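K.L.:
This is the structure, below, for whatever I ask next.
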Amino acid sequence: MKGLNLNHTYAELLAQAQEACSNAYAPYSGYKVGAAVLWASGRITTGSNVENASFGLTICAERNAIFQGTAKGERKISALAVAVLTEEIPSPCGACRQVIREFCTDCDIFLINGRGETKESSLKKLLPDSFGPEFLDIDV
Ligand code: THU
């Protein structure tokens with residue numbers, strides 16, 4: 001992937017996010033997003049955004065990918081990749097940042113535009129001073 005020297009697993013993660021992006025259902029916004037989550041177990045789950053004629057029912061790619069994993073029993077995120085087709089590097093919405101936070105205090109986040117240009121970020125950068133399960137004495 002351009003600009004980064006990624007190990008095999010991360011390269012696969014990014015490729016799966018791009019594939020999920022191509023399967024996005026975004027007839028209203030036209031903004032297709034794909035996400036892939038690498039869990040601590042080594043499993044990768046994917047999701048794309050799914051829009052609805054009742055606009056508020058739309059789910060983002062990131063949350064979709066995370067919920068695919070939790071349904072398999074996964075609880076710890078190691079890394080996440082988000083891919084779009086447009087020139088602008090994507091940026092997960094606030095709601096998705098908080099949902100990512102539920103399953104990691106910090107994790108690698110890769111943001112990929114339509115040219116395959118990739119920016120490496122992290123949850124700590126995207127959501128500093130965050131609130132999470134530890135505040136409620138819950139271990140995830
Ligand atoms: N979207 C995502 O899938 N992830 C984000 O982090 C930002 C927004 C989707 C929701 C909607 O289908 C479209 O992008 C435009 O907001």
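The values are calculated or read from the model by the stated rules, or taken from the named source; none is laboratory data. This is a predicted model, so every value here is computed, not measured. Because the Cβ atoms are built from the backbone with ideal geometry, glycine has one as well, and the counts that use them run over all protein chains shown.
K.L.:
Enumerate the pairs (first residue in segment 50-62 and outside any loop (DSSP other than H, G, I, E, B); second residue anywhere and exposed (fewer than 10 other Cβ atoms within 10 Å of the Cβ) and at pLDDT 95 or above) with beta-carbon separation below 9 Å, excluding pairs fewer than 6 apart on the same chain, so at least 6 apart or on different chains.
P.N.:
Here the result reads 50/57, each pair linking segment 50-62 to a residue that is exposed (fewer than 10 other Cβ atoms within 10 Å of the Cβ) and at pLDDT 95 or above.
K.L.:
Being part of a strand (DSSP E or B) and among the hydrophobic types (A, V, I, L, M, F, W, C) is the filter here, so list the residues in segment 28-49 that pass it.
P.N.:
Result: 33, 35, 36, 37, 38, 39, 44.
K.L.:
To continue, here is another question. Does residue 13 fit the bill of being more than 15 Å from the ligand (Cβ to nearest atom), outside any helix (DSSP H, G or I), touching a residue at least 60 places away in the same chain (Cβ under 8 Å) and closer than 16 Å to residue 108 by Cα?
P.N.:
Numbers: more than 15 Å from the ligand (Cβ to nearest atom): yes; outside any helix (DSSP H, G or I): no; touching a residue at least 60 places away in the same chain (Cβ under 8 Å): yes; closer than 16 Å to residue 108 by Cα: yes.
Against the criterion (more than 15 Å from the ligand (Cβ to nearest atom), outside any helix (DSSP H, G or I), touching a residue at least 60 places away in the same chain (Cβ under 8 Å) and closer than 16 Å to residue 108 by Cα), residue 13 does not qualify.
K.L.:
Sticking with this structure for a sec: Identify, from the list 25, 31, the residue that is among the aromatic types (Phe, Trp, Tyr), near the ligand (Cβ under 8 Å from one of its atoms), surrounded by fewer than 18 Cβ atoms within 10 Å (Cβ to Cβ) and over 21 Å from residue 123 (Cβ atoms).
P.N.:
31
K.L.:
Does residue 97 qualify as being basic (Lys, Arg), within 30 Å of residue 134 (Cα to Cα) and within 11 Å of the ligand (Cβ to nearest atom)?
P.N.:
In short, yes.
K.L.:
Another question, then. With the checklist (1) under 20 Å from residue 21 (Cα atoms); (2) assigned to a loop (DSSP other than H, G, I, E, B); (3) of a type outside the set (Gly, Ala, Ser) in hand, flag the one item residue 139 doesn't pass.
P.N.:
(1)
K.L.:
Quick one: in segment 34-51, of everything that is within 15 Å of the ligand (Cβ to nearest atom) and over 11 Å from the mean Cα position of the chain (by Cα), which residue is surrounded by the fewest Cβ atoms within 10 Å (Cβ to Cβ)?
P.N.:
50
K.L.:
Can you name every residue in segment 106-136 that is part of a helix (DSSP H, G or I) and either under 13 Å from the mean Cα position of the chain (by Cα) or exposed (fewer than 13 other Cβ atoms within 10 Å of the Cβ) (or both)?
P.N.:
123, 125, 126, 134, 135, 136
K.L.:
Would you be able to tell me the number of residues in segment 1-22 that are surrounded by 17 or more Cβ atoms within 10 Å (Cβ to Cβ) and among the polar types (S, T, N, Q)?
P.N.:
2
K.L.:
While we're looking at this one, here's another question. Which condition does residue 79 not pass, out of (1) hydrophobic (A, V, I, L, M, F, W, C); (2) over 22 Å from residue 25 (Cβ atoms); (3) out of contact with any Leu (no Cβ under 8 Å at 6 or more places or on another chain); (4) in contact (Cβ under 8 Å) with a residue 60 or more places away in the chain, if it passes all the others?
P.N.:
That leaves (3) as the condition not met.
K.L.:
Condition test on residue 62, is it touching a strand residue (DSSP E or B) at 6+ places or on another chain (Cβ under 6 Å) and of a type in the set (D, E, K, R)?
P.N.:
yes
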